[in-house]
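Worksheet: the structure to be examined is printed underneath.
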Amino acid sequence: MDKRRLAVFVSGRGSNMQSIIDACKDGRINGEVVVVISDKENAFALTRAKKEGISSFCLDPSRFATKQEYEEKLAQAISEYAVDYLLLAGFMRVLSPVFINAVRIPILNIHPSLLPAFTGLHAQRQALEYGVRFSGCTVHFVDQGVDTGPIILQAVVPVYPDDTEESLSQRILQEEHQLYPQAVQLLCEGRIRCEGRKVIITKEEQKVE
Ligand code: GRF
């Protein structure tokens, strides 16, 4: 099977992006990150991508008159690179339904909570404030809501009484770096399909080419 072409959208340090690049390089993902786009000029993720020799650049939304124009540019970039899948990895913008429909490729996101709990910003802080005993991370398809799309994979971590936002975030992040590459590999192998909200993962021998 041909390697799948992946785009990654980022805004910050890019550790999840790096875990995907690493998994592509050592064959755990049958894919290649062909373009990285940031909405922030100074995102460390761009430095990482350049070091890997991956096409990468910033598209700064403040340079576009409207969100629609901005998203048209994003969509154009994806089509120029003939991307199969779009991966959001710490991309701090909500993509509009128009964009999601226009690109017509699956879009994945990773969120640092056990969805549907604690959507939106500061999920780890929300978990601590709520007093849950367990939290974790979720890889899901992006739909028209914020962190509401069908769930692909989740990983659970304990929450300890003396946890800070930082310590819990670190524990969750370690799991993120395992979980996101696993989900991307399932996608690249054609082993994921949706039945309504439910995501069905087929066994390896039942791969859909
Ligand atoms: C991660 O916690 C991810 O779950 C969330 O944003 C953070 C991005 O971190 N969506 P990084 O840029 O991948 O290091």
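Whenever a residue of the range 86-103 is over 16 Å from Leu173 (Cβ atoms), it has no partner that is at pLDDT below 95 and within 11 Å of the ligand (Cβ to nearest atom) lying with C-beta atoms less than 9 angstrom away and at least six residues away or across chains. Take the residues in the range 157-184 that are open to solvent by 70 Å² or more (accessible area, probe 1.4 Å) and closer than 17 Å to Asn109 by Cα, then tell me which one is nearest to the ligand (Cβ to nearest atom). Top of the filtered list is Gln174. Considering the range 44-135, the qualifying helices (runs of 4 or more DSSP H), each wholly inside and each with 3 or more residues that are assigned by TED's automatic domain parsing to the domain that holds Cys24, run over 44-51, 67-80, 97-103.
For the range 130-156, a tally of residues being within 12 Å of Ser113 (Cα to Cα) and open to solvent by less than 10 Å² (accessible area, probe 1.4 Å) returns 6. Taking the criterion of being within 15 Å of the ligand (Cβ to nearest atom), of a type in the set (A, V, I, L, M) and either under 16 Å from Gln154 (Cα atoms) or touching a residue at least 12 places away in the same chain (Cβ under 8 Å) (or both), the residues of the range 111-134 that qualify are Leu114, Leu115, Ala117, Ala123, Ala127, Leu128.
Residue-by-condition table, conditions (1) among the charged types (D, E, K, R); (2) open to solvent by less than 10 Å² (accessible area, probe 1.4 Å); (3) more than 15 Å from the ligand (Cβ to nearest atom):
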position	(1), (2), (3)
Val8	no, yes, no
Asp26	yes, no, yes
Arg48	yes, no, no
Glu52	yes, no, no
Lys67	yes, no, yes
Glu72	yes, no, yes
Glu80	yes, no, yes
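Within the range 13-70, being among the acidic types (Asp, Glu) and under 14 Å from Gly90 (Cα atoms) holds for one residue alone: Asp39. If only residues of the range 90-105 that are of a type in the set (Val, Ile, Thr) and more than 13 Å from the chain's Cα centre (by Cα) are counted, the one that is farthest from the ligand (Cβ to nearest atom) is Val98. Kindly indicate whether any position in the range 30-41 is within 11 Å of the ligand (Cβ to nearest atom) and either among the hydrophobic types (A, V, I, L, M, F, W, C) or crowded, with 19+ Cβ neighbours inside 10 Å (or both). Scanning the range 30-41 turns up at least one residue that is within 11 Å of the ligand (Cβ to nearest atom) and either among the hydrophobic types (A, V, I, L, M, F, W, C) or crowded, with 19+ Cβ neighbours inside 10 Å (or both). Residue selection: Leu187 satisfies the criterion of being in a helix (DSSP H, G or I), under 13 Å from the mean Cα position of the chain (by Cα) and either of a type outside the set (Ser, Thr, Tyr) or surrounded by 18 or more Cβ atoms within 10 Å (Cβ to Cβ) (or both).
The values are calculated or read from the model by the stated rules, or taken from the named source; none is laboratory data. Predicted, not measured: the structure shown is a model, and the values here were computed from it. We place every Cβ from the backbone using ideal geometry, glycine too, and count neighbours over all the protein chains shown. Only protein heavy atoms, including side chains, enter the accessible area calculation; ligands, DNA and RNA are left aside. Shrake-Rupley method; radii C 1.70, N 1.55, O 1.52, S 1.80 Å.
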